[in-house]
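Structure record follows, encoded as structure tokens.
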Amino acid sequence: MSQDVVNLINHVQGAYARCIDNGQLEAWPDFFEENCTYKITTADNYAQGLEAGVIFANSRGMLRDRVASLREANIYERHVYRHFLGQPWILAEDAAEVSSETSFFVARIMRDGTTDVYATGRYLDVYRLNGGAPKLRERIVVCDSSRFDTLLALPL
């Protein structure tokens, strides 16, 4: 494992979180390859190998549709996230792909200023390196808790 790969993945992780935290959701799907997997699940379901996720998408188009519905169709109390990320742990790497695990902590800030711990867990990622411009082929968001707020609107 090279330090360059760790730095590269760390940089992409930071840009991903910044995109969501700054409300730039239209740019969020650009972190993914066209054919990708994005799933939010629980630690229990993941450990048992259960495929069902709270949220599931298998293409960048589905991610764009999710953003469009958030902006135009869904009704939810406006809020923002603030992500705190651990350092990525490289699980495997070759010339074309990197698999990593990164711990996360997400705080949710409501319009009235109320701030809560929203989610903790880990990202299980597979990045295609694409000549130094990593794109997510797969992101499995494994949340530590099996309880989900009904306001799971924004991407984690």
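The values are calculated or read from the model by the stated rules, or taken from the named source; none is laboratory data. Here the structure is a predicted model, which means the values were calculated and not measured. When we count neighbours, we look across all protein chains shown, and the Cβ atoms used for this are built from the backbone with ideal geometry, even at glycine. Side chains are part of the model used for accessible areas, which takes the heavy atoms of the whole protein and leaves out ligands, DNA and RNA. Shrake-Rupley method; radii C 1.70, N 1.55, O 1.52, S 1.80 Å.
When 19, 36 are checked against the criterion of being more than 18 Å from residue 84 (Cβ to Cβ) and open to solvent by less than 40 Å² (accessible area, probe 1.4 Å), a single residue qualifies: 36. Note on segment 18-36: residues that are in a helix (DSSP H, G or I) and closer than 20 Å to residue 61 by Cα total 9. When residue 154 is tested against (1) part of a loop (DSSP other than H, G, I, E, B); (2) open to solvent by 60 Å² or more (accessible area, probe 1.4 Å); (3) aliphatic (A, V, I, L, M), only condition (2) is not met.
Name the residue that is modelled with the highest pLDDT, counting only residues in segment 62-94 that are of a type in the set (A, V, I, L, M, F, W, C), farther than 19 Å from residue 13 by Cα and loosely packed, with under 14 Cβ neighbours inside 10 Å. Once the filter is applied, the top-ranked residue is 68. Evaluation of residue 112 against the conditions (1) exposed (fewer than 15 other Cβ atoms within 10 Å of the Cβ); (2) of a type outside the set (A, V, I, L, M); (3) touching a residue at least 12 places away in the same chain (Cβ under 8 Å) shows that the sole unmet condition is (3). Just so you know, in segment 47-56 the residues that are at negative phi and open to solvent by less than 100 Å² (accessible area, probe 1.4 Å) include one that is modelled with the lowest pLDDT, and it is 52. Per this entry, residue 59 is not counted among residues that are more than 13 Å from the chain's Cα centre (by Cα), loosely packed, with under 15 Cβ neighbours inside 10 Å and of a type outside the set (Phe, Trp, Tyr).
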